[in-house]
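The values are calculated or read from the model by the stated rules, or taken from the named source; none is laboratory data. Everything numeric here is computed off the predicted structure, so don't read it as measured data. For neighbour counting, all protein chains shown are included, and Cβ atoms are generated from backbone atoms with ideal geometry for every residue, glycine included. For the accessible areas, the whole protein counts, side chains as well, though only heavy atoms, and no ligand, DNA or RNA atoms are used. Shrake-Rupley method; radii C 1.70, N 1.55, O 1.52, S 1.80 Å.
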Number of protein chains: 2
Amino acid sequence: MIEAIAFADVLAARERLRGVAHLTAVATSRTLDALAGRAIFLKCENLQRGGSFKFRGAYTMISQLPGNMRAHGVVTYSSGNHAQGVALAARLLDVPAVICMPSDAPAVKVAATRSYGADIVFYDRMRDDRAALAQHIAATRGAMLVPPYDHPHIMAGQGTAALELLEQVAGIDTLVVPVGGGGLIAGCAVAAHGVNPAVQVIGVEPEDADDTRRSLMAGERVTIAPPATIADGLRVTTPGALTFPIVQRHVAQIVTVSDEEIREAIRFVMLRMKLVVEPSGAAGVAAVMAGRVPAGAQRVGVIVCGGNIDPPLLASLW
Amino acid sequence: MIEAIAFADVLAARERLRGVAHLTAVATSRTLDALAGRAIFLKCENLQRGGSFKFRGAYTMISQLPGNMRAHGVVTYSSGNHAQGVALAARLLDVPAVICMPSDAPAVKVAATRSYGADIVFYDRMRDDRAALAQHIAATRGAMLVPPYDHPHIMAGQGTAALELLEQVAGIDTLVVPVGGGGLIAGCAVAAHGVNPAVQVIGVEPEDADDTRRSLMAGERVTIAPPATIADGLRVTTPGALTFPIVQRHVAQIVTVSDEEIREAIRFVMLRMKLVVEPSGAAGVAAVMAGRVPAGAQRVGVIVCGGNIDPPLLASLW
């Protein structure tokens, strides 16, 4: 099967993002290395514009919108980081954006999305089909729908995070990436294997949001019940149609972490490394701290995918 | 009057610290620039080893201990960042360290200091004179006392933070530095004026810990009542004998910030910039956000001096 993206697409996305996305820092900690028994390199996408890696994919896709379509704008649905990534990318590209958010979305996320200049349309999480709503708005306005993960431009953009990390740190043998819909890990896996086919790519899912792990075992996409994990960015019930074949081919293994392991990882990264991470962003660190990476891994890159944590959750950690 | 340190001392300290101290990142935020109405550059000493700038001075001083005195070790007193800075520097230099800490010091700070291998001697904050206790231990053991700020090696080491910042960012016209005993601002002011005599150095104190502001107005060191500010690193009652003359000569102005302004700055830096800072570390950001820097300042460097925040305080912010 032909994969939705190739390494060349990630390289092209990197050129689009040059001087626009932050080349985010790589953080290390001697204490973390000692805990994990190997060298750990955290790619700090919590320091990315908009507070997560989502800006990479959104900007990569929206910047390819044909000139005559720009005035019609873009539409997406998200209660979280994708909303902010799309809103910010659209503003930078001077494209109007409509974001469909659940009416009970945290005020801080609504405010952040609005501060980037997007129009927000609220929906009822119990009653409405958000994808259908966004498609309806897109069709009515002639706007482009920017999906959260299942699109080649989105995957290629997200993959630039891993491309950068492998250029920033020599000799990485293992790459640990949180898995929601699979856009980040698909892009990162293609990027990593483009640089070095020997890199092991390990996905991380919360214990009750293991749709990709189960799908890999089944050999096809399966759908799970809506998960309750605190890692809101990873609450996905089935892998993407385009992301899953790439995951099947490029990902060595999916490991799972508990919510308590995620909380412990957030506390560690905040207190010892002085970085604010959200639960999804800490999932890879949790996997490393819990000893879930393969025994032979010596130099492990971890994508810390976001830092947009809700203040009430922050307060509840201590 | 001859100052206790010259620019050459800061340059020499930088050589001692090369490859040992972290060259810490400079963080920026478009939102912060917009709030402040100028370009703001945060020198992230919260990302320094030991979680604050204190490692710079401690290592600079302890690394100059003569070989025949090393076995006798070093002694200091501190409930906070200086304790961790000394403990870590001593361990790296293979020198025994004794730290006098109050018996009611936060468990997390005691644990961090102990994890660096230091011996801890507890004292009663109400009953004991901690400086006298440390001096007694030093005299008994033939150990060297490492004071928290009032020593040329300490000041020179702390000044390397500003030296780095001015090399990392071109055209800084104003430098904002929190003031406790004055070791950090004295070193940073000498460094800044060594690079460019036109840089304005602005000190920041909590409203009720304004001993240096009052001393500058009086033209001599005055002593204030013990302050209650949440910025525990700045709870000093009088400037240092060696730091104060340097402050008199090099510092343009001391501004003050309220505890609520400090809290607001911590929340901003955590939620928007994803960096964990302690109250003292946020004092400079608070001054910038509250519009306390001189009107003409266009490119403002701020020393974010530490990130060792206590979890209960973290929890209380939201």
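Annotations
- Environment charge at B:Asp173 (Cβ cut-off 11 Å; Lys +1, Arg +1, Asp -1, Glu -1): +2
- The range A:171-244 and the range A:27-85: distance between their alpha carbon centers, rounded to Å: 16 Å
- From the C-alpha gyration tensor of the range B:114-190, square roots of 5λ in Å: 33, 14, 12
- When the accessible areas of A alone and B alone are added and the area of the pair subtracted, with a 1.4 Å probe, the result is around 1800 Å², both sides summed.
- Label distances, nm, A:Leu11 versus same residue in remaining copies, Cβ-directed 7 Å point: 4.6
- Other residues lying with their Cβ under 12 Å from the Cβ of B:Leu93 contribute a combined charge of +2, Lys and Arg counting +1, Asp and Glu -1.
- Label-to-label distance for A:Asp129 and A:Arg141 is 2.1 nm, based on points extended 7 Å past Cα in the beta-carbon direction.
- Here the contact order of chain B, divided by its residue count and restricted to Cα pairs under 8 Å and six or more residues apart, works out to 22 percent.
- Counting Lys and Arg as +1 and Asp and Glu as -1 over every other residue whose Cβ lies under 14 Å from the Cβ of A:Glu45, the net charge comes to +3.
- Remark: the range A:143-157, residue by residue, has Karplus-estimated 3J(HN,Hα) of 8, 8, 7, 10, x, x, 8, 8, 8, x, 5, 5, 4, 4, x Hz, where x stands for each Gly or Pro and the curve is 6.51 cos²θ - 1.76 cosθ + 1.60 at θ = phi - 60°.
- Here the protein assembly as shown was treated as a single set of alpha-carbon atoms; its pair distances binned every 20 Å from 0 give 19, 49, 27, 5, 0 percent.
- Based on alpha-carbon atoms, the Kirkwood radius and the radius of gyration of chain A give Rg/Rh equal to 0.94.
- The calculated 222 nm mean residue ellipticity attributable to helices in chain B amounts to -13000 deg cm²/dmol, summing -39500 (n - 2.57) over DSSP H runs of n ≥ 4 and dividing by all residues.
- Inter-copy separations for B:Asp104, label at 7 Å along Cα-Cβ, nm, ascending: 4.3
- Hz values of 3J(HN,Hα) by residue in the range B:210-215 - Karplus curve (6.51, -1.76, 1.60), Gly and Pro given as x: 9, 4, 6, 4, 5, 5
- Ratio of the Cα radius of gyration of the range B:215-300 to 2.2 N^0.38 Å, where N counts its residues: 1.21
- Pairwise inverse Cα distances across the range B:20-87, averaged and inverted, put the Kirkwood hydrodynamic radius at 14.1 Å.
- The length gained on full extension between A:Ala8 and A:Thr237, counted as 0.36 nm times the residue separation minus their Cα-Cα distance, comes to 79.5 nm.
- The phi-based Karplus calculation (6.51 cos²θ - 1.76 cosθ + 1.60; θ = phi - 60°) puts the 3J(HN,Hα) values of the range A:111-118 at 5, 5, 5, 5, 5, 7, x, 7 Hz, whole numbers, x for Gly and Pro.
- Pseudo-label separations to other copies for A:Ile120 - Cα-to-Cβ vector, 7 Å, nm: 4.4
- Exposed trypsin sites (Lys or Arg not before Pro) absent: longest stretch of chain A, with sites in DSSP loops and at most 15 other Cβ within 10 Å deemed exposed: A:128-318
- For the range A:55-145, the pair-distance distribution built from all alpha carbon pairs, in bins 5 Å wide starting at 0, is 3, 16, 28, 25, 19, 7, 2, 0 percent.
- Selected from B:Gly85, B:Gly73, B:Gly182 as most flexible by GNM, with chain B as the system and alpha-carbon contacts under 10 Å: B:Gly73
- Highest mobility in the GNM of chain A, judged by mean-square fluctuation with C-alpha springs under 10 Å and restricted to A:Asn196, A:Asn68, A:Asn308, is found for A:Asn68.
- Protein accessible area in the range B:111-198, 1.4 Å probe - carbon and sulfur %: 53 percent
- Reduction of at least 10 Å² in accessible surface, 1.4 Å probe, comparing all protein chains with the chain by itself, residues of the range A:285-318: A:Gly307, A:Asn308, A:Ile309, A:Pro311, A:Leu314, A:Ala315, A:Trp318
- Prolate/oblate/rounded label for the range A:165-318 (Cα gyration tensor, a/c 1.5): oblate
- Bridges between two residues of chain B, per DSSP, are antiparallel at a rate of about 10%.
- Highest mobility in the GNM of chain B, judged by mean-square fluctuation with C-alpha springs under 10 Å and restricted to B:Val108, B:Val304, B:Val146, is found for B:Val108.
- For chain B, the longest principal axis of the C-alpha atoms and the axis of helix B:81-92 are separated by about 60°.
- Angle between chain A longest axis and helix A:130-141 axis [Cα atoms, degrees, rounded to 10]: 40 degrees
- Relative frequency of Cα-Cα separations exceeding 13 Å in the range B:161-237, percent: 66 percent
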